[in-house]
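One structure is given below, encoded as C-alpha cells.
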Amino acid sequence: MFFSVVIPTYNRKPILEKCLKACLNQRFTSLTAVEDYEVIVVDDGSTDETRSWLADYAHNVSRLYWYQQNHQGPATARNLGVQQAKGDTIVFIDSDLVVTETFLQAHADGLQRGKKQFDRVFTYGAVINTNNFENPTDEPYKITDFSAAYFATGNVAISRRWLEKAGLFDPRFYLYGWEDLELGVRLKKLGLKLIKCPEAVGYHWNPAFTLERLPQIIDRERQRARMGVLFYQKHPTWEVRMMIQMSVLHRLLWGMLSLGGWLNERTTRRFLQWSID
C-alpha cells in the first residue's frame, strides 16, 4: 500500500506542528507491506503563521507536501488533497490530531484483515480527546471517546477509488460540520463496510473550556446547524434526522435540559465560571 495522509488545516499552527511531527515519525513492521507514504497538508486560508511555518518546515522534509487555497472549508480542502495525492490509499486526519508511531501500520493491518472477507472496506481508528497540549498522547481512553459514526474524517483510511466513485466531498459544506458523514451516506450506498481499527490511535486536542471560548463554541454549533439542514436536504431520511437531532424527541429533550431555554450562556455564566474554577 502507498498511503497519502491528507490533512486540512486552518489557523492551528501550534498543534499542527505536533500533528505533522507525529505523522512523519511512523514505524512499520513486516506484517503488512507498506510501500511508502506521504503527508499532504492543505492550508484553508489561514491568517496566522501557518503558511510561513509550513513553507520552512516542508523545505527540509522529503515526504511532506503542502498546498494552499482561499478559505473554503475542510470539504474543498480535502478534495484538493486527494486530487494531489499519489497514494492508492487515503488516510484522513484533522490537524489537531496527534497519532502514535504505529498509526499507519495499524490501518494497513486493519485493511488487510478486512479485505480477506470483503472487497469494499475502510478502516476507522480510535480518537481520544484531550486538552493536554504538552503531552496529548498521555490521555487514557474514556467512555466519552466512543463514537458510533460510520465515516468520520478524524481518523479513517480508505481506497481512493471508492472516494472517487462516490464523488469526493460536497464543497457546499463550506462551514463546520457534517461533510464527512454526508460522504459516508454515499459510501454506504456503494456497499462499503466499516472495519474498526482501535490500534490506529489518534489523540484529538481541544483547548480547555473557558468562558472566553463560549461565543466561538456557539458560533460553531450555529454553523453545524446550517450544514445539518443541507445534509437533510440531500438525504431526507430518518437516519439523517437522528444524526442532526432534528426530531420531536430531540426538541423535547432539549427543552427539558434547558428548562424551556431558561438555562443558557447568560443565566448560567456565574455557575459556569464557578465550575471552571
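Most simply put, the chain has about 30% antiparallel DSSP beta bridges, counting only bridges with both residues inside it.
Applying the criteria of a DSSP loop state and at most 16 other Cβ atoms within 10 Å to the GluC sites (Glu not before Pro) of region 171-277 yields 265.
This structure gives Rg and Dmax of the Cα atoms in Å, computed directly, and of (i) 25.1, 88; (ii) 22.0, 68; (iii) 19.4, 59 that value is listed as (iii). Residues whose amide H falls under 5 Å from that of residue 42, counting only those 5 or more places apart or on a different chain, are 7, 9, 67, with hydrogens built in the peptide plane.
Taking every alpha-carbon pair under 8 Å whose residues sit at least 6 apart, region 140-217 reaches a relative contact order of 32 percent.
Measuring with a 1.4 angstrom probe and ignoring ligands and nucleic acids, residue 2 comes out at about 40 Å² accessible.
What is the percent carbon and sulfur in the accessible area of region 23-126, measuring with a 1.4 Å probe over the protein chains and ignoring ligands? The nonpolar share, carbon plus sulfur, comes to 45 percent. With one equal scatterer per alpha carbon and no solvent term, the Debye-computed log10 I(q)/I(0) for region 1-141 at 0.17, 0.19 1/Å reads -0.98, -1.19. Computed over region 156-230, the Cα gyration tensor eigenvalues convert (square root of 5λ each) into semi-axes of 28, 19, 9 Å, ordered from largest to smallest.
Excluding same-chain neighbours fewer than eight residues apart, the aspartates and glutamates reachable from residue 18 by a Cα-Cα span under 19 Å are 38, 43, 44, 48, 49, 56, 94, 96, 101, 134, 138, 139. Karplus-derived 3J(HN,Hα) values for region 119-132, using 6.51 cos²θ - 1.76 cosθ + 1.60 with θ = phi - 60°, are 7, 10, 9, 8, 10, 10, x, 8, 10, 10, 7, 8, 10, 8 Hz; glycine and proline are entered as x. Of all lysines in the structure, those lying under 28 Å Cα to Cα from residue 13, and not within fewer than 8 positions of it along the same chain, are 21, 86, 142. Relative to the dominant Cα principal axis of the chain, helix 248-257 is inclined by about 60°.
Packing, as the average of other Cβ atoms within 10 Å across residues, places the peptides 68-76, 35-43 in the order 35-43, 68-76, highest first. Using the Karplus relation 6.51 cos²θ - 1.76 cosθ + 1.60 with θ = phi - 60°, the per-residue 3J(HN,Hα) values for region 150-156 come to 7, 9, 10, 7, x, 5, 8 Hz, with x marking Gly and Pro. Against the chain, whose longest principal axis is taken from its Cα atoms, helix 74-84 shows a tilt of about 10°.
Taking the protein heavy atoms of region 152-277 in the context of the full set of protein chains, the accessible area attributed to carbon and sulfur is 61 percent at 1.4 Å. The slack between residue 131 and residue 67, meaning 0.36 nm per residue of separation minus the straight C-alpha distance, is 20.2 nm.
Per residue, the accessible area of region 1-160 comes to 44 Å², computed with a 1.4 Å probe over protein heavy atoms only. Taking every protein chain into account, the accessible area of region 212-256 amounts to 75 square angstrom per residue (probe 1.4 Å). Between residue 209 and residue 242, the simple label model (points 7 Å from Cα in the Cβ direction) yields a spacing of 2.6 nm.
The values are calculated or read from the model by the stated rules, or taken from the named source; none is laboratory data. Treat the numbers as computed from the prediction; the structure is a model and nothing was measured. Using ideal geometry, Cβ is built from the backbone for each residue, glycine included, and neighbour counts are taken over all protein chains shown. Accessible surface areas use protein heavy atoms only, side chains included; no ligands, DNA or RNA. Shrake-Rupley method; radii C 1.70, N 1.55, O 1.52, S 1.80 Å.
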